[in-house]
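Undergrad: Following this message is one structure expressed as structure tokens.
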Amino acid sequence: MDIRLISLDLDKTLLRDDETVSQYTLNVLGAWKKSGAKIVVSTSRSFFSAKEVCDSVCPDAVISSGGVEAFVGGKLVYSSYLSCDTAKKCIMKCISDPFTHHITVVGEREDFTNNPEIKEGELEYGHYRFTDFSDVPNQRVGKISVFSDRPDDLSDCFSNDPDVRFIPFCIGENGHKLSAAGANKGDALTAVAEHFSILKENIISFGDDTPDVDMFRVSGISVAMGNSGEEVRAAADRVCDTNENDGVARFLEALLPN
């Protein structure tokens, strides 16, 4: 296979459980970049949350928030947001649900949370503004992460809404995710590949979670992590070692061109 683009999920895929990238992995990715391949980070994290990892990996493109946005060199090449009205509707439904602890909202301009344990300025969530959502911000929204004891109730609530996609327990989120119906890693990766004039058959993708299956569908080779669930493994062409054992790097090193 002529690999020209490598698409990588972060949590439980490229990242070890302590959220670090090994030097071995960085060396293998560096070798692929020298061969001319494009490296794409494709994560359910927001662009802000993925920044530190991206600074070490130095990808050619970043797909963030599970396919809401795609950036090449800081230029936005793809986006799929919840409209202002739809975002407000979703926020109000979520915070009125008695089983929802809190939500986080990644907006087009600003991020918000009503998590009572997080105060503005704390390091982990320093980019979020704390709010009780009594005054819902008027902006398009990339994703809403929902922390609830009863995700099935929320899934039923949004199941008939054509504008909304609900993903229960997204591993990278540690919660449940709402986004625009068209926001997915597959469409975002397709836009990035078209930007670089790279065909589907020249793409290899790695992932471990439900949102990665969309990415698998538009890749010439899809690889599930050894720590993936059965559903993700079944959707992939191959299975590699676990994230703790540098599965991505071990798989890619064996494919390096001479």
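The values are calculated or read from the model by the stated rules, or taken from the named source; none is laboratory data. Just so it is clear, the structure is predicted and the values come from calculations on it, not from any experiment. For neighbour counting, all protein chains shown are included, and Cβ atoms are generated from backbone atoms with ideal geometry for every residue, glycine included. Heavy atoms of the whole protein, side chains included, go into the accessibility calculation; ligands, DNA and RNA do not. Shrake-Rupley method; radii C 1.70, N 1.55, O 1.52, S 1.80 Å.
Undergrad: So which lysines can LYS88 reach, going by Cα to Cα under 21 Å and dropping same-chain residues fewer than 8 places off?
TA: Counting by Cα, and skipping residues close in sequence, LYS88 has these lysines nearby: LYS143, LYS177.
Undergrad: Please go through the stretch 74-110 and write out the chymotrypsin sites (Phe, Trp or Tyr not before Pro) that DSSP classes as loop and that have at most 16 other C-beta atoms within 10 Å.
TA: PHE99
Undergrad: Starting at the first residue of the stretch 138-143, write each ³J(HN,Hα) from the Karplus equation 6.51 cos²θ - 1.76 cosθ + 1.60 with θ = phi - 60°, in whole Hz, x for Gly and Pro.
TA: 8, 7, 5, 10, x, 7
Undergrad: If amide hydrogens are placed 1.01 Å from N in the peptide plane, which non-local residues have theirs closer than 5 Å to the one on VAL218?
TA: Residues meeting the criterion, in which the H sits 1.01 Å from N, do not exist here.
Undergrad: When the chain is fully extended, how far beyond the present Cα-Cα distance does ALA254 get from GLU110, taking 0.36 nm per residue of separation?
TA: 47.6 nm
Undergrad: What residues of the stretch 92-109 lie in the reach of a label at ASP132, counting those whose backbone N is under 19 Å from a point 7 Å from the Cα along Cα→Cβ?
TA: Residues 92-105 fall inside that zone.
Undergrad: Sort the stretch 1-69 into rounded, prolate or oblate with this rule: let a ≥ b ≥ c be the square roots of the eigenvalues of the Cα gyration tensor; rounded if a/c is under 1.5, and if a/c is not under 1.5, prolate when a/b is larger than b/c, oblate otherwise.
TA: Oblate shape, in that a/c is at least 1.5 and b/c is the bigger or equal ratio.
Undergrad: I'd like the accessible area for VAL77, computed on protein heavy atoms only with a 1.4 Å probe and all protein chains in place. Round to 10 Å², please.
TA: Ignoring ligands and nucleic acids, VAL77 comes out at about 40 Å².
Undergrad: Expressed as an acute angle from 0 to 90° and rounded to the nearest 10, what is the orientation of the C-alpha long axis of helix 185-195 relative to the principal long axis of the chain?
TA: For helix 185-195, the angle is close to 50 degrees.
Undergrad: Now, a different point. Using just the helices of the chain, give the 222 nm mean residue ellipticity in deg cm²/dmol: DSSP H runs with n ≥ 4 each add -39,500 (n - 2.57), and the total is spread over all residues, rounded to 500.
TA: That comes out to -8500 deg cm²/dmol.
Undergrad: If I take R0 = 30 Å and measure r between the Cβ atoms of CYS58 and SER96 in this structure, what FRET efficiency does the formula 1/(1 + (r/R0)^6) give, to the nearest 0.05?
TA: According to the calculation, E is roughly 0.10.
Undergrad: To two decimal places, what compactness ratio does the chain give when its Cα radius of gyration is scaled by 2.2 N^0.38 Å?
TA: 0.99
Undergrad: How far, in degrees from 0 to 90, does helix 47-57 lean away from the longest principal axis of the Cα atoms of the chain, to the nearest 10?
TA: On a 0 to 90 degree scale, this one is about 20.
Undergrad: For GLY107, which sequence-distant residues (separation of 5 or more, or a different chain) have an amide H within less than 5 Å of its own amide H, given hydrogens modelled in the peptide plane?
TA: PHE112, GLY142
Undergrad: Using only the alpha-carbon atoms, how far is helix 23-34 inclined from the longest principal axis of the chain? Give it as 0 to 90 degrees, nearest 10.
TA: For 23-34 against the chain, the angle is about 70 degrees.
Undergrad: Each residue of the stretch 213-230 in order: what ³J(HN,Hα) in whole Hz does its phi give by Karplus 6.51 cos²θ - 1.76 cosθ + 1.60, θ = phi - 60°, with x for Gly and Pro?
TA: 4, 4, 5, 4, 5, 10, 10, x, 10, 10, 10, 8, 6, x, 9, 6, x, 4
Undergrad: In what sequence, highest mean first, do 28-35, 248-255, 214-221 appear when ranked by Cβ atoms within 10 angstrom?
TA: My ranking of the peptides, most packed first, is 214-221, 248-255, 28-35.
Undergrad: Separation of the stretch 57-123 and the stretch 191-258 by C-alpha centroid, Å?
TA: 25 Å
Undergrad: Nearest 20 debye, what's the magnitude of the dipole of the chain about its Cα centre given +1 on Lys and Arg Cβ and -1 on Asp and Glu Cβ?
TA: Using only the charged Cβ atoms, the result is roughly 840 debye.
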